[in-house]
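Accompanying notes for the structure given below.
The values are calculated or read from the model by the stated rules, or taken from the named source; none is laboratory data. Predicted model, so just to flag it, every value in this text is computed and none were measured. Here the Cβ positions follow ideal geometry from the backbone for every residue, glycine too, while neighbour counts run over all protein chains shown.
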Amino acid sequence: MKGKDLGFQAVFAAIGWVARCQQLYDKGVIRRRRVSDAATPLLQIPAGVVDLLQIIDAEFLVLAPGEVVLRSSTHSGALSLVRDGRLVSDPILALVRAVRRSRENQEGTVELPRGPVGAGTHDLLVRVSPLGDQGLVVVLIFDDSEYRRLDAIRRDFIANISHELKTPIGALSILSEAVLGANEDPKAIVKFATRMQMEAKRLSDLVQEIIDLSRLQDDDPLKNAKVLNLADLISEAIDASRMAAETRNISLTFTKMGDFEVLGDRRQIQMAVSNLVENAINYSSDGTRVAVALRRKDALAEISISDQGVGIPEKDIERIFERFYRVDPARSRATGGTGLGLSIVKHVVNNHGGDISVWSAEGAGSTFTIRLPLFVNNVSNPMELSQSEER
């Protein structure tokens, strides 16, 4: 944190210097511009301040009196701090008001939910500073979430992965010895070599899923989020599994109640849906049905994947999203399961501000339901728009 503290101090010092230079040149300038048929007074941000803010590794907000947002960084909207052009986060508002009272820098840590549902959070370090003498305030926001996630991963990664890698590596060692001992029995060699191929594929799949999980935990999908059409994304995920379903005469259907949009990382959400569809197929009997549905519930998009498979025992439901947990290890080996698929799905959903739930009954099948916040294209800051137009 020491390096980060020095970085923030340098930024605040530079902002203060730029603001003072601007005051000497053009102190207290106020101008008006017509926006949406309403005359709105616009305070002038000191020259050079926004350029300086845009090169630092932090999100930022520049606030006018009344906590009106004059300018914000590109990705700060993903944190849902602004509504109708005003700062709405109570913890950050408290820091801003403290700065207005004391005219001194303030800092604090803030935990924000990633969405209206789910356990995912943003862990933020927030520093606030006065800016000039027009009542402007600058808010710097540094997201510590990924650093904390990385720290948690390092603590338990080695113990988990060493155990999981030992199984296929041990099997390959034993099988290679068996091949050497059966050098005069062609049928035995073919049998053992086939098993070696299976174990090698299992090891390869495990390594790939470990890489995928590590990337998910290292990367924040809302930092460079894009608006995604869920129906198109789900259709692509289903098409990738259609051949596997057809070879076992499993009916794969998709019902959508509309075209809904979410904000996030296309590859991650598609991977989560694909994992659930593949699981549904793998744990279903031949000739059954897997149904995918997309609907809206309030401000959330719901994706449900239902199968008519073996189901999940009640005692296991609470643990199925744990890394490397398998309800039926023998069946997982037969289907190529690594025990990471559902953990990956949960990480994707939580990191997008959503949640995932499951209903299941033994012998009756399972339904997994993902809920994600719908994207709302809400242009809420006319002053920001006017400045953008001017540029």
Item to check | Cβ-Cβ under 7 Å pairs, at least 6 apart or on other chains, region 290-314 side over 30 Å from residue 376 (Cα atoms), far side basic (Lys, Arg) and outside any loop (DSSP other than H, G, I, E, B) | outcome: 308/289
Checklist entry - If we keep just the residues of region 53-80 that are surrounded by fewer than 17 Cβ atoms within 10 Å (Cβ to Cβ) and either at pLDDT 75 or above or not hydrophobic (A, V, I, L, M, F, W, C) (or both), which is nearest to the chain's Cα centre (by Cα)? => result 75
Checklist entry - Taking the condition hydrophobic (A, V, I, L, M, F, W, C), over 20 Å from residue 346 (Cα atoms) and touching a Lys or Arg at 6+ places or on another chain (Cβ under 9 Å), does residue 263 pass? => result no
Checklist entry - Across region 300-317, what is the total count of residues that are over 19 Å from residue 233 (Cβ atoms) and small (Gly, Ala, Ser)? => result 2
Checklist entry - Residue check, residue 263 against (1) assigned to a helix (DSSP H, G or I); (2) closer than 19 Å to residue 373 by Cβ, all met but one. Which one? => result (1)
Checklist outcome for this item: Of the candidates 286, 239, the one satisfying the condition of being free of Cβ contacts under 8 Å to residues at least 12 places away in the same chain and either farther than 24 Å from residue 376 by Cα or aliphatic (A, V, I, L, M) (or both) is 239
Item to check | Subset of region 99-120 [part of a loop (DSSP other than H, G, I, E, B) and surrounded by 14 or more Cβ atoms within 10 Å (Cβ to Cβ)] | outcome: 105, 114, 115, 116, 117, 118, 120
Item to check | Number of the exception - residue 103 against (1) of a type outside the set (Val, Ile, Thr); (2) closer than 21 Å to residue 222 by Cβ; (3) modelled with pLDDT of 85 or more | outcome: (2)
Checklist entry - Taking the stated definitions as given, is residue 214 within 24 Å of the chain's Cα centre (by Cα), modelled with pLDDT of 80 or more and not aliphatic (A, V, I, L, M)? => result no
Checklist entry - Between a first residue in region 189-212 that is closer than 18 Å to residue 343 by Cβ and a second residue that is in a helix (DSSP H, G or I) and of a type in the set (Lys, Arg), which pairs have beta carbons less than 8 Å apart while being 6 or more apart in sequence or on different chains? => result 202/333
